[in-house]
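The structure appears right after this line, and notes come after that.
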Amino acid sequence: VLSAWANSPQQPYGAGRADDILLQMEHALDDAFMENSASASPRAAVPNVVCYNTVLHGWSNANNPERAEEVLCRMVERNERYPLVAPAPNVASFNLTALAWARSGRQDAGRKAQDLLEAMEGMSSAACGAAAAANAENKSDARKANVRPD
């Protein structure tokens, strides 16, 4: 189902639907851990690396690198929270996010790809936090200039 939405010709709607399904899976996992002890095995469907990469591919197809980066950061943060259950991003995860930036045609795409390489090398949510803050700043600057950031 994720793949069908991510590859839908109805973009960005399809990517958004795939992301919504992934979020539901994440919330179900959170709920399972809240109901049980942290060491208990969750009964929820656990998203794997393929699920995340499928959604990353969808946001790349939708020409929305910010949303792709948000998904990648969620993946890193969830892996830190649930290291035995939640998948860590792999090289493909970072490549799909870099591809989303490359497809965006934005002038800062090269810098964003470099930031992703550095985040992959550091593999921490702190790097994602810095990237998210930079995205928010870029959007704010664009609003002030009355220009779309993408």
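The values are calculated or read from the model by the stated rules, or taken from the named source; none is laboratory data. For clarity, every value in this text was computed on a predicted model and none was experimentally measured. In this analysis, Cβ positions are derived from the backbone assuming ideal geometry, glycine residues included, and neighbour counts consider all displayed protein chains.
Only residues that are touching a residue at least 24 places away in the same chain (Cβ under 8 Å) and within 19 Å of Glu118 (Cα to Cα): list them for the range 79-90, please. Selection gives Glu80, Ala88, Pro89, Asn90. Checked against the criterion of being surrounded by fewer than 18 Cβ atoms within 10 Å (Cβ to Cβ), of a type outside the set (D, E, K, R), part of a helix (DSSP H, G or I) and modelled with pLDDT of 90 or more, the range 126-149 has no qualifying residue. The set of residues in the range 78-94 that are of a type outside the set (Ser, Thr, Tyr) and touching a helix residue (DSSP H, G or I) at 6+ places or on another chain (Cβ under 8 Å) comprises Arg78, Glu80, Val85, Ala86, Pro87, Ala88, Pro89, Asn90, Val91, Ala92, Phe94.
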